[in-house]
1. Whether any residue in the stretch 74-89 is among the hydroxyl-bearing types (Ser, Thr, Tyr), touching a residue at least 40 places away in the same chain (Cβ under 8 Å) and open to solvent by 20 Å² or more (accessible area, probe 1.4 Å) is what I want to check.
2. Sort out which residues of the stretch 12-57 are open to solvent by 30 Å² or more (accessible area, probe 1.4 Å), of a type in the set (Phe, Trp, Tyr) and under 26 Å from TYR102 (Cα atoms), and write them in order of number.
3. Is it the case that TYR175 is under 27 Å from GLY5 (Cβ atoms) and either open to solvent by 20 Å² or more (accessible area, probe 1.4 Å) or not acidic (Asp, Glu) (or both)?
4. How many residues are closer than 17 Å to ASP192 by Cα and open to solvent by 30 Å² or more (accessible area, probe 1.4 Å) when one looks only at the stretch 116-137?
5. Just one of LEU67, LEU99, LEU168, LEU113 is of a type outside the set (D, E, K, R), in contact (Cβ under 8 Å) with a residue 12 or more places away in the chain, over 24 Å from TYR189 (Cβ atoms) and open to solvent by less than 30 Å² (accessible area, probe 1.4 Å); which is it?
6. Output the number of residues of the stretch 9-24 satisfying the condition of being assigned to a loop (DSSP other than H, G, I, E, B) and modelled with pLDDT of 95 or more.
7. Please specify each residue of the stretch 148-191 satisfying the condition of being at pLDDT 90 or above, assigned to a loop (DSSP other than H, G, I, E, B) and either of a type in the set (Val, Ile, Thr) or out of contact with any strand residue (DSSP E or B) (no Cβ under 6 Å at 6 or more places or on another chain) (or both).
8. Name every residue in the stretch 39-60 that is in a strand (DSSP E or B), more than 16 Å from HIS4 (Cβ to Cβ) and free of Cβ contacts under 8 Å to residues at least 60 places away in the same chain, in order of residue number.
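The values are calculated or read from the model by the stated rules, or taken from the named source; none is laboratory data. Just so we're clear, the structure is a prediction, and the values are computed from it rather than from any experiment. Because the Cβ atoms are built from the backbone with ideal geometry, glycine has one as well, and the counts that use them run over all protein chains shown. Only protein heavy atoms, including side chains, enter the accessible area calculation; ligands, DNA and RNA are left aside. Shrake-Rupley method; radii C 1.70, N 1.55, O 1.52, S 1.80 Å.
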Amino acid sequence: MNHHGINKIVFHPFDSNQIYVACSNGLYKSEDGGKQWNFAIQNHYISDLLIHKDDSLVVFAGIGGHLSPDYNIYKSIDGGKNWKPMLDQYPHNNGKIMLAAYAKNKNLMYAILSDTFETTHILRSKTQFETHTVTSTKDIATYQGWYASGFQIKEDDSTLMVAGGVDLFLDKTGYANGFYNLLYDQLKYHVDFHGIISNPKDPRKLYFVTDGGV
C-alpha cells in the first residue's frame, strides 16, 4: 500500500467551495466544498501552495521534496488548469520549497529552497517569479530540508518575516537576507516547524504548527 502525506490545505480567498490540497503525490482541487476531487497536478510532490487574494486565478505550487521527480516553482494563471515552471536553476535539490507573498503587493514574493538536509537559496521576486534574485543562502532548514517548513510575511509590514525549519527564524530587513535564530532557550517553543499561519483579523498574531502542537 502506498502512503501519501498532506503538506498544505488552501481555500480560495473568495469561494470556500474551491479547495486545494498539496500532497506528496500531487495537487488535488475540489470545486464543491470537498465532495469531489480531481488532480490539478499529478505525480509530483507538492511541498507548498500559494494563492494571492488580490489575484486569485494565479496559483503557485512549490514542487519538490525527498526523491521528488521535479524541483521547481510552478505557476498557473487559470486557477490550476495549466501550469508552467518558473525557475531554470536548482534542479537537483531534494528538499521542500517554502513560498510567501506580501498581502499588499501581489507581485512581491519569496521562496526558500532546500536540499535534503539544508537550505540552499532564498529567492526574492518583484515579478511573481518571472524574475528573481538570490538574497541569501541562510540555512533555515537545519538538517531537515526534507521535513520541516513554514514561511510568513507580516500582512501589513513587508519588512518582517518569519521562517521555520528545526528552529524559528526572524528577518527584519525586508529582503530575507538577515534571518537570525530565535533561540529555543529564550522562547521555549517546540522545535520542528510545519506551518506558520497569520491571524486574518490581527496580523500581530501568528500560529505555529510544530511537532509539539500548535
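1. We begin by selecting, within the stretch 74-89, every residue among the hydroxyl-bearing types (Ser, Thr, Tyr); these are 74, 76.
In the following step, the residues that additionally are touching a residue at least 40 places away in the same chain (Cβ under 8 Å) were identified as none.
No, that holds for no residue.
2. Scanning the stretch 12-57 gives PHE14, TYR28, TYR45.
3. Numbers: under 27 Å from GLY5 (Cβ atoms): no; either open to solvent by 20 Å² or more (accessible area, probe 1.4 Å) or not acidic (Asp, Glu) (or both): yes.
Considered against the rule, which asks whether it is under 27 Å from GLY5 (Cβ atoms) and either open to solvent by 20 Å² or more (accessible area, probe 1.4 Å) or not acidic (Asp, Glu) (or both), TYR175 comes out as no.
4. Of the stretch 116-137, the ones closer than 17 Å to ASP192 by Cα are 116-119.
Okay, now just the ones that are also open to solvent by 30 Å² or more (accessible area, probe 1.4 Å), so 117-118.
Counting residues in the stretch 116-137 that are closer than 17 Å to ASP192 by Cα and open to solvent by 30 Å² or more (accessible area, probe 1.4 Å) gives 2.
5. Working: LEU67 fails: open to solvent by less than 30 Å² (accessible area, probe 1.4 Å); LEU99 fails: over 24 Å from TYR189 (Cβ atoms); LEU168 fails: over 24 Å from TYR189 (Cβ atoms).
Just one listed residue meets the conditions, LEU113.
6. Taking the stretch 9-24 as the starting set, the residues that turn out to be assigned to a loop (DSSP other than H, G, I, E, B) are 12-18, 24.
From what is left, the residues that are modelled with pLDDT of 95 or more are 17-18.
The total comes to 2.
7. Matches in the stretch 148-191: LYS154, ASP156, ASP157, THR159, LEU160, GLY165, VAL166, LYS172, THR173, GLY174.
8. Listed by number, the residues that qualify are LEU50, ILE51, VAL59.
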